[in-house]
Structure formats: structure tokens, C-alpha cells
């Protein structure tokens, strides 16, 4: 069945399309009699006002675009769930996009969201699109950065940000391993093109340098993927001496590290101790792994992001100063 | 900066809005001179044609709505990634919604997608919305069911479906445990309101009845969540005799089962053997768990779904017979 148009409804009710529109918008300028005729025509023709037509009039949609680097990482999907649970109550709908940690793809997605006239954009950037993001924000579109700030360019502090205290947490994790007596540390690093990668590594370096060590004994530059963690352990193994402890700077890489260590028959923590930025739920299956982890709160970060979005989309708060909310963490341990 | 309108562009270029529109649509009916004036005005005013306006004209958007029951379950997000990787190349964008296994929420989301004039809908239904889904399909909207078919009502076989051979796979899993000598079987069941829950349990029952057993010794009706798996083991424990083997009918519940067994100090498989519908990546961290699992291929299912969507959205295939694609599986084992 083809959808009825507003013109057909108007013809059926013998009124103008403007009158149909007034009825749909509950305007008081319509006579009771005309209202009844329009309602009857709507019912008869099974007319549904197009959300597109309505959003065109307002030049905005009730959609919020969300760009994350990996939709299969539960960390980002927990954040998304927190956002949805908050903004959904106000009738906003999320449109998810996955950049796959790819700068070019992210750039195309930003362009698309802009064209779609989304009401706001939330992004955990793969890096390299600072100019585009800033330009969208300057054009009046509410933009909230999550998890990752922009490359340290001018103006990057003009955007709302909900993130974690990456440097301090990575510092704590590393220091804990040093205090436990480890000095041969392997570091599974994130990509340096994103802020979380850079900041976490800064925290690691600060901790070991304070301890009198110049550089980690083993370093692998990963990409926040499970495969990155697997490759890191393989590379460490090829040096002839495995580190006695590994700091892994994201949850997916940590899972890869655990997987490869166990494949090699190594015991955690007696052969290799682990400290992870982010919980790996599967770590709970290991027997007494004494696995240190930073207890991230992605769902709570999502809730705060949602609240911030709602306040930005209300006219009064649109031009308020940027709001930066940093979540601080504690170290926990899977005993 | 406020967005420029087509009227402002027309005024700046001293042409009609129809001429601006023709330039935007690369019409040949515009003089070179007018085209240059319009292009200059567009650049000067930083005008961006609204995707909303364009989609209104076509009464469709380039968006595909996807409703899944749990966006934090990597199984559904792998399917989604497969879909995105396929339809993204043709310029389609995914709009994700999470029903949280809630029939009412799913109903509201279906309504919303209909209003948004999406180009197609993909749904792994939480159950109970068969009439709404059928009605959307009958109105001409391409609808593809993934993972779950509709409640066995009339017409449910008129929809495209990409799913798994649930009954046969659950039958194989259960039979394997029986062949290994287990007779005290615990079953962690999915919800009976969705087809995967029902079909998998049918497969379990068929296997044990062929083996001469009437009912599983332990049965827990779960909800496809980690907590469901945890609660199942707790309930089994309260009966005084833990089953010697557990069939768990989805990946998230299996993780919960493993977690609770290990918390209780039980060894897998010597105390309790496990067979899981769906891989639990964390199972690889266990030492020789001999864990049987059905090797699902969610990414491939997503790719097929994407191809099916593209063919349905082309006019020729819109009214072709429904296409049902069932993925068959083998049992694998984490040794």
C-alpha cells in the first residue's frame, strides 16, 4: 500500500494542506468541524506524517550521531547504552557509526552526519579529523568528545569532553607492578594517533622514570585490538627473555596478551604478571591471576554524556563554556 | 554560524531557487554563467544542501534501521559489522536500536523507524511484535529478520530470514555430551518467547529423548544474559546434586555458567562438562576445558544480510519470493 500524502488528506477532508498541518501540530486555529474532517481523513487514508517532513521544517532531526572506533568492543557499546538510556527518554534516537580506527572513514562519517542534520554528534575519534570536528562544532552543532580528546591543537579544549584520567591511571598501574618487584616490564601500547594511547604511555613512562628506569625493557605499539595483544607477546618472546610483568593499555589487547601467554603454557602471575587498562571480564576465569586492572565505568560515562547532550541541545546551554568531565579510577585486582 | 538556506543562495546569485536546485542536481538546463554565479554563492555562504530535503523529495532515506536485543553482545555487533561492511559501499548508513529483549520497547522502535522512512529494516526480534513487523513489510518496506524468526504465526514465512539451524545444532551439542557418558544434564535455556530459545530447546529434548531420557535432570529458563548463566548454576547447586554436564544455549549465558562454576572451585570438564551454543572467547583462557561449542559465523551472516538488503532495495527484487538462508554449523571444541 502506498503511503498517503498530506495533499490527499487535504483533498479528502476538503481543506487546505495548511489546515491539515495545523491539526497535526495541535494548533488552536482550526475549527472543531474541520478538525473532525481532517481526523477522519487521516484515519481513512491511514496517513502517517513523515518524520522527514517534520524535521525539514525544523531543520533538525531527533537523531544523535555516534561515531566509535569499534562497535564490537563492549567498552564503547556500554558507553552507547548509557547514552541511549539517557537521551532515549527525551525521544532522541542514536545513529551508530563505526570508524574502524580509520581516519578517512571517520572523515566520511562526519560529513554524512552533518548532511543528515543530526541534532548532535558524539565521537571517540580515531584521530586526524580535528579540523572537521572543530568546524562542525563552530557551525553550531553540539559535539561531545568521548574517551578521546582531539590532537593537541588550538581550540581542542573548546569542546565538551567526557573521558578518563588516562595518565594517572596508567601511572598507578605501572607503579603497582614496580612495587611488586618487577623491573623487566613489557608495555603493550595503544596507537599514538589517539589521545588515550599517548596519555596512557606518558603515565607509564612517568612511573618507570620516577623508579629510576629509563625505558621499558619491552615495548610493542599496538592498535587496541586482540590481535595487537597476541602479537605483542610473540614479539616479546622473540627477544629471548620474556618480561616478568606486562602493562597492557586497553581491554582488547589485554585479552590477546592473556590468550597468547596461556597458549605458551605460561602462568599468570608467577611467570608473567599483568596490569590492564580496563577490565577483561574473561580474566575472572583464571585461577588466582592477581590481575590488576583499572575499573572503567563506561556505562556511567555514557549516562553523563547523555545528560550533557540534552543540556547542550536545549537553547540556553548551547553556548555555555565547554564542559570537561574526567572520570578518575582506582586499581582493582582479580584475585 | 547559522546554516545558509537555498533562498539566500538564490538571492546572492541573483537566480531563482529552481536554478540553484538544478545546479545542485547537475542539470544541463543551466547556463554556464548562472552555474558559476551559483557555485560562487554556495562557496561564499558555505551552503550545504540538506540531506533531509533531498530524502523528502524521494520519500526515502539512505538509512537502514537495525534492531537488536543487546548492543553489548558481540554476536549481534559482529552481524551488524558484516551488514555495514556490505551496504556501506552503496552509501547506506545503519541506524542501530537496542530493544533490550523488551517487546514494548521494540514496538516503539519499529514505529519510529517507520516514521523515519528508513529504506529497510533488519530485526532480531525480542518477540511479540509479529503483527507490526508483517504490516510494515506488507506496506512495501523491505524487512529482513536476522537470527530469529517470528512467532509461528501465519505469514511469518513471507519474510526474508537469515538465521541458524538452531534445532540441529542444539541436538548435536546435547548428543555429544550424552555420548561422552553424561546422563545428569543441566540445561540453561533461552527465553521461550523468541524462536532461537524455542528451537534450541527442541533440539535438546530430541537428543535426550532419543537417548531414552524424558527430561533434563536440571533446567533453568534464562534470558540470554550473563546473569542468567550465573543464576542457573546457583539454582542447580541448590538441588543438592550438580549436573555432570551443562548445555548452555547462548554465548552470554555460557560465560555466566563458567564464571559461577569457577567461583565455586569446580573444574571444567572433570566436575562439570560444558557444551555452548556459540563460542565464548574467554573459554580459551581455561586449561584443557574440553569445551564443546557451536561455531557461529555472525560476521558472515551479516554479509549475507547486507547482500539481501541491497537486492531487496533494488526495484526488480522487491517483490520476489521470500529468501530464507539458514547457516549450518559444526561442533568445535576448545581443548
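Report, by residue number, each residue of region A:67-81 that is assigned to a helix (DSSP H, G or I) and at the interface with chain B (Cβ under 7 Å from one of its Cβ atoms).
Result: A:74, A:77, A:78, A:80, A:81.
When only residues in region B:238-268 that are out of contact with any helix residue (DSSP H, G or I) (no Cβ under 7 Å at 6 or more places or on another chain) and closer than 22 Å to residue B:171 by Cα count, which is nearest to the other protein chains (Cβ to nearest Cβ)?
B:250
For region A:285-296, which residues satisfy the criterion of being in contact with a helix residue (DSSP H, G or I) (Cβ under 9 Å, 6 or more places away or on another chain) and within 18 Å of residue A:330 (Cβ to Cβ)?
Within region A:285-296, A:291, A:292, A:293, A:294, A:296 meet the criteria.
Is it true that residue A:101 is modelled with pLDDT of 80 or more, in a helix (DSSP H, G or I), more than 9 Å from chain B (Cβ to nearest Cβ) and buried (at least 17 other Cβ atoms within 10 Å of the Cβ)?
In short, no.
Write out, first by first residue and then by second, each pair whose Cβ atoms fall under 9 Å of each other, whose residues are 6+ apart or on separate chains, and whose first residue, in region B:110-130, is not assigned by TED's automatic domain parsing to the domain that holds residue B:66 while the second is surrounded by fewer than 21 Cβ atoms within 10 Å (Cβ to Cβ).
The qualifying pairs do not exist here.
Consider residue A:285 carefully, then state whether it is more than 21 Å from residue A:126 (Cα to Cα), surrounded by 23 or more Cβ atoms within 10 Å (Cβ to Cβ) and not assigned by TED's automatic domain parsing to the domain that holds residue A:96.
yes
Kindly list the number of the only condition in (1) closer than 20 Å to residue B:327 by Cβ; (2) at pLDDT 95 or above; (3) not in a strand (DSSP E or B) that fails for residue B:178.
Condition not satisfied by residue B:178: (1).
Across region A:173-204, what is the total count of residues that are out of contact with any helix residue (DSSP H, G or I) (no Cβ under 8 Å at 6 or more places or on another chain) and surrounded by fewer than 19 Cβ atoms within 10 Å (Cβ to Cβ)?
6
Would region B:77-94 turn up any residue that is under 17 Å from residue A:84 (Cα atoms), buried (at least 22 other Cβ atoms within 10 Å of the Cβ) and at pLDDT 85 or above?
Within region B:77-94 (the criterion being under 17 Å from residue A:84 (Cα atoms), buried (at least 22 other Cβ atoms within 10 Å of the Cβ) and at pLDDT 85 or above), the answer is yes, since at least one residue qualifies.
Kindly indicate the residue of region B:142-155 that is surrounded by fewer than 22 Cβ atoms within 10 Å (Cβ to Cβ) and out of contact with any helix residue (DSSP H, G or I) (no Cβ under 6 Å at 6 or more places or on another chain) and also nearest to the other protein chains (Cβ to nearest Cβ) among those meeting that condition.
Filtering first and then ranking leaves B:154.
Within region A:115-138, work out how many residues are under 17 Å from residue A:309 (Cβ atoms) and either outside any loop (DSSP other than H, G, I, E, B) or within 13 Å of chain B (Cβ to nearest Cβ) (or both).
Matching residues across region A:115-138 total 11.
Among the residues of region B:301-331 satisfying the criterion of being touching a helix residue (DSSP H, G or I) at 6+ places or on another chain (Cβ under 7 Å) and without any contact (Cβ under 8 Å) to a residue 12 or more places away in the chain, which is farthest from the other protein chains (Cβ to nearest Cβ)?
Among those that are touching a helix residue (DSSP H, G or I) at 6+ places or on another chain (Cβ under 7 Å) and without any contact (Cβ under 8 Å) to a residue 12 or more places away in the chain, it is B:311.
Residue-wise test of (1) outside any strand (DSSP E or B); (2) surrounded by fewer than 18 Cβ atoms within 10 Å (Cβ to Cβ); (3) more than 15 Å from the chain's Cα centre (by Cα).
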| residue | (1), (2), (3) |
| --- | --- |
| A:108 | yes, yes, yes |
| A:113 | yes, no, yes |
| A:157 | yes, yes, yes |
| A:161 | no, no, no |
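When you scan region A:1-64 for helices (runs of 4 or more DSSP H) that lie fully inside it, which ones turn up with 2 or more residues that are under 39 Å from the mean Cα position of the chain (by Cα), at pLDDT below 75 and at the interface with chain B (Cβ under 9 Å from one of its Cβ atoms)?
A:51-58
Pull up region B:269-300, narrow it to residues that are part of a helix (DSSP H, G or I) and over 15 Å from residue B:250 (Cβ atoms), then point me to the one that is farthest from the other protein chains (Cβ to nearest Cβ).
B:300
The values are calculated or read from the model by the stated rules, or taken from the named source; none is laboratory data. All values derive from a computational prediction rather than experimental measurement. Cβ: placed from backbone, ideal geometry, glycine included. Neighbour counts: every protein chain shown.
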